[in-house]
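What follows draws every value from the coordinates through simple rules; no lab data is involved. Just so you know, these numbers come straight off a predicted model, no measurement behind them. Virtual Cβ from ideal backbone geometry, glycine too; neighbours counted across all protein chains shown.
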2 protein chains.
Amino acid sequence: MSKLKMNIGILGLGLIGGSLGFDLRSQGHHILGVSRRESTCQKAVAIGSVDEASVDLSLLAAAEVVFICTPLALIVPQLEQMIAHLSTATIVTDVGSAKAQIVKAISPLWDNFIGGHPMAGRTDSGIEAAQRNLFVDKPYVLTPIATTPTSAIAVVEEIVRSLGANIYYCQPEQHDRAVSWISHLPVMVSSSLIAACLSETDPDVLELAQKLASSGFRDTSRVGGGNPELGVMMARYNRQALLRSLQQYRHNLDELTNLIEQENWTVLEQKLKSTGKARPDFVD
Amino acid sequence: MSKLKMNIGILGLGLIGGSLGFDLRSQGHHILGVSRRESTCQKAVAIGSVDEASVDLSLLAAAEVVFICTPLALIVPQLEQMIAHLSTATIVTDVGSAKAQIVKAISPLWDNFIGGHPMAGRTDSGIEAAQRNLFVDKPYVLTPIATTPTSAIAVVEEIVRSLGANIYYCQPEQHDRAVSWISHLPVMVSSSLIAACLSETDPDVLELAQKLASSGFRDTSRVGGGNPELGVMMARYNRQALLRSLQQYRHNLDELTNLIEQENWTVLEQKLKSTGKARPDFVD
């Protein structure tokens with residue numbers, strides 16, 4: 001299959017943007033990178049993630065497709081500034097981890113837009129963390145809506161497929177509900193666990209808990225000890241779905257608590273069995 | 001330092017009992033093992049975890065110290081049957097993961113008792129999982145009470161120290177509160193997470209969540225997908241401390257939920273920061 005070589009713009013040269021650049025450039029596309037920092041632009045060119053880089057959005061005028069890879073809060077403001085420089089034929093996509101708010105805000109501003117979310121996050125961030133083949137065998141969600149041009153879907157799908165990612169299509173709201181269950185809710189659940197432990201009023205017990213904590217606590221508390229700015233962004237941009245998940249979670253927690261209060265060990269065991277049985281459907 | 005070689009009884013030849021046997025036998029102690037199953041007795045002798053083994057509790061008559069290594073629910077019933085065979089000088093200890101109820105039940109039955117809890121659990125169980133040096137650098141909690149004879153404490157402490165474990169002393173109730181925070185609460189928190197996800201009513205969203213779940217969900221849900229019988233035992237034998245932890249946890253979860261409802265991103269970020277900062281005090 002012969003592939004069209006395109007001019008592809010990447011706005012935001014961090015882990016995702018920098019990694020995208022590596023893979024797309026190695027396929028022969030011409031990569032135009034934009035970052036707010038001159039030092040990041042220089043680094044991205046030096047490591048070979050992009051062909052050209054600039055702090056000026058006008059570099060993207062030549063792009064046929066633009067990936068917006070900034071933090072969530074900057075996606076819409078940056079798009080608003082960027083569109084003055086683009087040809088109306090330019091296809092725009094983003095990589096934000098929440099979709100409904102973003103898609104709703106962008107669709108009246110730019111017709112040729114399709115929301116996206118590669119699930120390839122890592123702990124490290126920044127252009128220094130960029131790597132080749134980051135997206136191979138990773139999920140990549142695309143969230144077209146009724147008004148999204150078929151051509152925009154086709155072009156972005158082909159690019160994403162070339163990264164080796166597994167593509168999933170859904171509505172923006174479905175994406176947000178799914179990630180609220182498996183990504184955003186776990187952060188709040190896990191952070192609350194640490195907070196609860198810290199409320200222990202007997203200093204001897206708190207110290208003992210700290211000494212005795214091992215792999216179970218380590219795993220359950222990991223995402224609650226992660227990047228706080230990222231946690232807030234999840235809550236801000238996926239507020240509605242997250243609140244819905246939290247409310248449901250509270251219900252399930254109350255159910256277990258009531259069973260323990262009532263010493264209903266038979267049903268408690270059934271509940272624990274059913275969650276143990278269901279877990280491999282999520283992580284195998 | 002010269003060490004006294006003793007007759008040491010082990011009641012219950014699973015992961016913990018079998019591993020104890022290996023280490024104590026290699027120090028020259030004479031190990032008497034009792035299991036409910038003849039096949040386990042034969043296996044324990046064959047692999048060299050014990051010198052002698054029997055399904056009959058009378059084998060323990062010669063023991064100077066007995067470790068009760070049965071599941072939690074069997075500790076008190078087995079002790080009740082066992083004591084008819086013991087000399088009053090025999091020191092008894094257990095390895096149960098909850099202490100207050102056990103210590104309270106045993107202290108009127110046997111003076112020479114000290115509660116213990118080695119934190120060396122693994123996923124595998126049974127005599128097949130027994131291994132040498134399981135307790136090295138692992139916490140081992142001892143919970144003497146006012147009436148515990150000093151000699152019993154000294155003897156058990158010396159044995160536990162010889163395993164290479166890190167010894168912590170505390171009251172049974174303090175132990176139970178500490179493990180409810182870092183071991184028992186996480187199971188309920190984690191199981192509720194899986195249960196909440198399963199409540200999703202849109203089958204497309206549930207399937208998408210299952211496809212998109214990665215390391216964050218894997219870690220947060222791990223202990224909730226564990227052994228259900230063990231989860232019930234924790235709840236049964238540490239009910240009071242666990243209910244207290246669950247109540248506090250619910251409070252912390254409600255606090256985060258309210259901040260998200262009120263869009264108070266500044267305080268939400270402070271909360272997430274503080275839990276991130278506190279986590280290394282538990283797991284470093």
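The figures follow:
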read-out	value
At 7 Å out from Cα toward Cβ: residue A:273 inter-copy label distances (nm, ascending)	4.8
Local electrostatic count at residue B:151 - Lys and Arg +1, Asp and Glu -1, tallied over other residues with Cβ under 12 Å	-4
Region A:7-170: antiparallel DSSP beta bridges as a percent of all, rounded to 5	15
Residue-count net charge about residue A:131 - beta-carbon cut-off 15 Å; Lys, Arg +1, Asp, Glu -1	+1
From phi via Karplus (6.51, -1.76, 1.60), per-residue ³J(HN,Hα) for region A:4-11 in Hz, x at Gly/Pro	6, 8, 10, 8, 10, x, 10, 9
Rounded to the nearest 20 debye, dipole of region A:91-149 from Cβ charges on Lys, Arg, Asp, Glu	120
Neighbour-count ranking [beta-carbon atoms within 10 angstrom, fewest first] of A:38, A:173	A:38, A:173
Kirkwood hydrodynamic radius over Cα pairs of region A:143-261, then Stokes diffusion coefficient at 25 °C and 0.890 mPa s, in µm²/s	141
Distance between region A:3-37 and region A:78-141 - C-alpha centres, whole angstrom	12
Hz values of 3J(HN,Hα) by residue in region B:200-216 - Karplus curve (6.51, -1.76, 1.60), Gly and Pro given as x	3, 8, 8, x, 5, 5, 4, 5, 4, 4, 5, 6, 8, 4, 9, 4, x
Prolate/oblate/rounded call for region A:1-120, Cα gyration tensor, a/c under 1.5 rounded	rounded
Estimated FRET transfer efficiency when R0 is 25 angstrom, pair residue A:111-residue B:263 (beta carbons, to 0.05)	0.25
Cα gyration tensor shape of region A:125-184, rounded if a/c is under 1.5, else prolate or oblate by comparing a/b with b/c	oblate
Share, in percent, of DSSP beta bridges within chain B that are antiparallel, nearest 5	15
Cα centroid separation, region B:226-240 to region A:198-248 (Å)	22
Where only C-alpha atoms are counted, convex hull volume of chain A per residue in Å³	159
Reachable lysines from residue B:104, criterion Cα separation under 29 angstrom, eight or more residues apart if same chain	A:211, B:138
Residues listed by number, region B:45-80, amide nitrogen under 17 Å from residue B:124 label point at 7 Å toward C-beta	B:45-50
Backbone N under 18 Å from the residue A:153 label point (7 Å along Cα→Cβ), restricted to region A:74-94	A:91-94
Identity and axial distance of the chain B residue whose Cβ lies nearest the axis relating B to A, Å	B:219, 2
GNM top mover of A:100, A:195, A:61 - chain A, alpha-carbon springs below 10 Å	A:195
Backbone N under 11 Å from the residue A:145 label point (7 Å along Cα→Cβ), restricted to region A:166-193	A:172-173
Taking B:43, A:104, A:5 and counting other C-beta atoms within 10 Å, the order from fewest to most	A:5, A:104, B:43
Distant-in-sequence amide H partners of residue A:169 (H built 1.01 Å from N, under 5 Å)	A:142
Beta bridges per DSSP with both ends in the protein assembly as shown, % antiparallel, nearest 5	15
Relative exposure of A:23, B:176, A:56, judged by other C-beta atoms within 10 Å (fewest first)	A:56, A:23, B:176
3J(HN,Hα) from dihedral phi, region B:18-24, Karplus parametrisation 6.51/-1.76/1.60, rounded to Hz, x for glycine, proline	x, 5, 4, x, 3, 5, 6
FRET efficiency, residue A:80 to residue A:247 (Cβ-Cβ, R0 35 Å, nearest 0.05)	0.55
Electrostatic dipole magnitude of region B:81-221 [Cβ: Lys, Arg +1; Asp, Glu -1; Cα centre; debye, to 20]	400
The protein assembly as shown: translational diffusion in µm²/s, Stokes-Einstein, Kirkwood Rh over Cα pairs, 10 °C, 1.306 mPa s	60
Dipole moment magnitude, nearest 20 debye, region B:192-231 about Cα centre, only Lys, Arg, Asp, Glu C-beta charged	200
